[in-house]
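Read the structure below first, then the notes.
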Amino acid sequence: LGTGVMSGKSPISAFRDYRAKAWKLMTAGWKLWPLVGLITYTIIPLRHRLLWVDAIEIVYSAILSSLSNDGGFEEGEEAAPVESEL
């Protein structure tokens, strides 16, 4: 909600956006973290667990960012052309 308001949306619009995306974001975590926990405590040696979980957190942050931005484009907006397309 806070990031939506800080990005210039009205509080009502930010709340609607949150409600639309909250379930998708929660289920993404439910799909990833049980598997990570299983691997962490069965396969990963103790001395490497912190590095392993930190690496997964980076991947998880990228997943959440991708899901919350819906590909990064607003409705009706197109991607900028890549230099090779020019």
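Solvent exposure of VAL36, expressed as accessible area, is near 10 Å², computed with a probe of 1.4 Å over the protein chains only.
Per-residue accessible area (protein heavy atoms, 1.4 Å probe) orders THR42, THR27 as THR42, THR27, starting from the largest.
Across the protein chains, with a 1.4 Å probe defining accessible surface, the residues TYR18, TYR60, TYR41 rank TYR41, TYR18, TYR60 from largest area downward. Largest to smallest in accessible area, the residues LYS9, LYS21 fall in the order LYS9, LYS21 (1.4 Å probe, all protein chains included). Placing pseudo-labels 7 Å out from each Cα toward the beta carbon at MET26 and TYR60 gives an inter-label distance of 1.6 nm.
The charge dipole of segment 1-70, taken about its Cα centre with unit charges on the Cβ of Lys, Arg, Asp and Glu (plus for the first two, minus for the last two), comes to roughly 160 debye. Roughly how much of ILE12 is accessible, in Å² to the nearest 10, using a 1.4 Å probe? Ignoring ligands and nucleic acids, ILE12 comes out at about 110 Å².
The values are calculated or read from the model by the stated rules, or taken from the named source; none is laboratory data. Computed from a predicted model, the values in this text were never measured in an experiment. All Cβ positions, even for glycine, are placed from backbone atoms using ideal geometry, and neighbour counts span all protein chains on display. With ligands, DNA and RNA removed, areas are computed over all heavy atoms of the protein, side chains included. Shrake-Rupley method; radii C 1.70, N 1.55, O 1.52, S 1.80 Å.
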